[in-house]
Structure formats: C-alpha cells, structure tokens
Amino acid sequence: MNITGLETLVFGVEDLAACRQYLLDYGLHAAADDPNRLLALDGSGVELYPADDASLPSAPNGCQLRLAVMGVADEATLQAIAEELGKDREVHRVDGRLQSVDDAGFAIAFQVSRRQPLPLIGEISNAPGSPIQRVPNQLGVVAGREAIQPRALSHLVYFVPDLAKAERFYVERLGFRVTDRFDGVGPFIQPAGSLEHHTHFLIGAPAFMHGVEHFTFHFGGPTEVIQNGSRFVKAGYQAFWGPGRHIFGSNWFWYFNSPFGCHVEMDADMDLHDNTWRPRLAPLGADASQAFLLRRRDNWMPGPGTPENGDYAN
Amino acid sequence: MPKSPTVPNCHAQPLCHLSELGEGSARGFLPDEDGQDRIFIVCHEGRLHAWRNACPHLAGAPMAWKRDAYLSPDGRQVMCHAHGARFEPDSGLCVHGPCLGQRLESVALHISTSGQVSLADPHLTCSV
Ligand code: FES
Ligand SMILES: [Fe+2]
C-alpha cells in the first residue's frame, strides 16, 4: 500500500478557542477558508471541532483525537485500501476521504496526498571539510526572526490496549514496516510510501490509557526546535521533556503539555530508512531513548553587571 | 525529576492575597528555573487547597498546559495535561486516568488575618 504518511489530525475539543491559540502559538497558521484548520507549511495539519460535533467518528476513552488522516500516492492505492479493509469492516467515502477504523479502535482515513511540495532547504551547519556549507554572509541564527513555522506533520503515538493486534493491522493490512522496537513497549512503524523513521509509534498500555501519547510536526532543524520551543515557554506554555535528541530516529525533540489530553512535540532531523534497514530492538530506558537531554534556562550571560554567581544566584 | 536547588530569601514571603484567588480558579506559584511552578493553589467552594505541581503518574511531572492552567475545561477538577489524569480539587484524589486512586501531594498554607497567603512551613518553599 503506497501510504505516504499522516496528513491531518482531526480533534474534537472542549475548549476550541484555547486549543486553536495553542496551535497558532506553536507555529501553525489558519487555512484561508477555515479558521479551525491549522496548517504547517506543506498543508498538512490539524482540524478542530467541538467535542460534541455529531459528524465526528467516536474515539476510545474520551480521547480527543477523533480521526487520523493519512495520504496515499494515488487513486489506485485508495481503491486497494478500500478492498482490503472492506473484507472485514465498514469503509465509506467522506469528503474525498476513505474512512474506516483500525484494530485499536481509532478512526482512520485516507486521501490522495494533498501535501504541497516544499522548495526549502533544511538547517545547514558549517563543518570543516563538509562540501555543503552556508554560503558566505548567510547567517545561522537570526535572533529576532519572525514566526517559526512547522514544515510538515510528522508522527502520532498511540496507546493501544492490544499491541499485537494493532501492530498486525498496520503491518499486515496496510503494509507498514517496523523500523525499530522498544522491547515490551512497541514498534516504530513506517508506511511503504515514506522513508521517515516513523510516522506512527505504538505503545502497549492498559485500557484506561487507551488514546494518544503525542503528535508532532517537523521543523527545519534543531535551531528552529529550540528557538521556537523557547518562545513557546516564554509565552507561558509548559514543557514536559526536552529539548534533547532521540536515538531511535535521531530526531531532536521537545515535548509540551497541551489542552489536547496528550503531549505535543516539536521535532527535527529524523533519520530516513528504506527497506534494507534491519530493525533494532532495545529495552526501554533513559539511555536508550535519548542521546542527550538538555534543560532550559532563562537567558543570562556571564560578564559585567551579572550578579555574583551569575543567574545561579537567584 | 531532580529537586530544585535551594532558593534563599524566600522564607514566609506571601504568595498572594486571598482576594487574588477567585472561586473556581487555580494559580501556580514559586517558579523554578525551568519556568515551572513548584506549587499551585486551587480555590474550591470557598477554600484554598495547595498542591505540588507534580503528577503522581510520572514522579514530578508538571501538570498545567499553560501557566496557571491546572483545571479541566469545565473548571471542576484538577487535571494533568500530560496524559489527562483528573483529580478532586479538595482531596487531591485521582479519579480518572493513569494514576487512578493516587493522590497529589498537599502543601499546607497559612492565611494571615489580613488575608496574605503564604506557606505554613516557610522551609517548604525551598524544598518543593
Ligand atoms: S504525567 Fe500526569 S497523567 Fe501522565
Ligand atoms: Fe515523538
């Protein structure tokens, strides 16, 4: 199945205005035709509805994520998915999307990809010997730069009560590949039409956790993640974990609490893998999960005018 | 989560005045150097309840999603915005979510006759 990745997450929320402002401050922008559709630069994003909107599919356990929409390469893939899933469940078309449900009880949908191509380069660091450098006079950091915008919807992490069943669905029915696995926790999975280390991560969890752990967008590089995350903290949002860099996937991360009942991450620079990659297996632990973890502080500078002990004085 | 280093000169400093805490509201106090408040106070049915900003689900995890945003959308429960645990605002008991049956850690308050709210044990300021 030529599934290319996640394109839209549909949420039903209790405080729509707060959720919307959160995503705007995170860096998404509102679609021209719908203020409650918040987009990354490539057009992927989040749709917000009131929790009691009757048109939304149901979700387990009060989970606010009501639908995860994936992109596919073409109409033929859409047909193939309709046939495959039609064998044992209801599949219907809504707004050009093919909608059904996965084996963990989450509503899913597919659409011919609507992502816009992004003619942008990522963060480039100058390193001695590297043939690719920033051109002379191009700056690595622009302190007062305007809004930092996420580039593309990245991945979604589900808590699922029956891990084996959920994994079988994505791997055997939809053709996802396992790229890496945390022992006793779950697999990172990648659809056949994507090279990203993961677009989904499945975590086996008790029934009362059934829901979403986090979702995240890709930023242009680590500087954007940390600069944007620092602004987010200054705006009053509450960091949960990070900034740091994961080992599986190599992505930079910074996780924040959110009004969505799950974490929201900012990420950058994830590994790509093709089908020659052999999945790794690691026991979950602090050292397996991150190469390093940093801790944010208010800006300060040693020098004249700094109190004795610098910022540490207070 | 590591304990924050000692905060000098914080003894018995009033956190706020009673009149600043409206019924059904919550507010965080004593921010650490990460910008996370160490405690928060909920005003529920005319009484103040102070809790450590530390979810029992993952030891020490901060609970608000934005500064002072410690309550559920309907304002009736304390909520951890990491994984959605909900707590009774007066007993601190988790009634929904991954730490069901566990409790928030309470922090004793002192309210002066003039209505200044401070920690009952000023040394706590330095260790929560
Ligand atoms: S850390 Fe609070 S619910 Fe998980
Ligand atoms: Fe992630």
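At a glance:
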read-out	value
Sparsely packed trypsin sites (Lys or Arg not before Pro) within region B:36-128, loop by DSSP, other Cβ within 10 Å at most 15	B:Arg76
Relative packing of peptides A:83-92, A:247-256 - highest average C-beta neighbours within 10 Å first	A:247-256, A:83-92
For A:254-260, mean number of other protein chain Cβ atoms within 10 Å	5
Cα lying deepest toward the dipole's positive end in region A:150-272, options A:Val233, A:Pro206, A:Ala268, charges on Cβ	A:Val233
Two-decimal ratio, region A:1-72, of alpha-carbon radius of gyration to 2.2 N^0.38 Å	1.12
Rounded tilt (10° steps) of A:16-26 against the dominant C-alpha axis of chain A	50 degrees
Proximal charge balance of A:Ala235 [Cβ under 11 Å; K/R count +1, D/E count -1]	+3
Cut-off 15 Å between beta-carbons: net charge of the residues surrounding B:Cys99, Lys and Arg +1, Asp and Glu -1	+1
In region A:129-201, the trypsin sites (Lys or Arg not before Pro) that fall in loop regions by DSSP, at most 13 other Cβ within 10 Å	A:Arg134, A:Arg145
The protein assembly as shown: Rg to Rh, with Rh as the Kirkwood radius over Cα pairs	0.99
Peptides B:114-120, B:54-60 ordered by average Cβ neighbours within 10 Å, highest first	B:54-60, B:114-120
Given charges at beta-carbon only (K, R positive; D, E negative), |dipole| of region B:16-126 in Debye	180 debye
Given charges at beta-carbon only (K, R positive; D, E negative), |dipole| of the protein assembly as shown in Debye	540 debye
Dipole of chain A [Lys/Arg +1, Asp/Glu -1 at C-beta], most positive-end residue of A:Val178, A:Ala104, A:Leu9	A:Val178
Sum of side-chain charges, A:Pro117 neighbourhood, beta-carbon under 13 Å (Lys, Arg +1; Asp, Glu -1)	+2
25 °C / 0.890 mPa s Stokes-Einstein diffusion coefficient of region B:16-126, Kirkwood radius on C-alpha pairs, µm²/s	176 µm²/s
Percent of beta bridges antiparallel (DSSP, the protein assembly as shown, rounded to nearest 5)	75 percent
Highest average packing first - A:59-67, A:263-271, Cβ atoms within 10 Å	A:263-271, A:59-67
Positive-end residue, the protein assembly as shown charge dipole about Cα centroid, Cβ charges, pick of A:Ala18, B:Pro14, B:Asn53	B:Pro14
Under-5 Å amide H pairs with A:Glu14, H placed in peptide plane, nonlocal only	A:Ala51
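Every read-out reported here was derived from the displayed coordinates using simple, explicitly stated rules and does not represent laboratory data. Quick caveat: nothing in here was measured; it's all calculated off a predicted structure. Here Cβ is always computed from backbone atoms with ideal geometry, including for glycine, and neighbour counts include all displayed protein chains.
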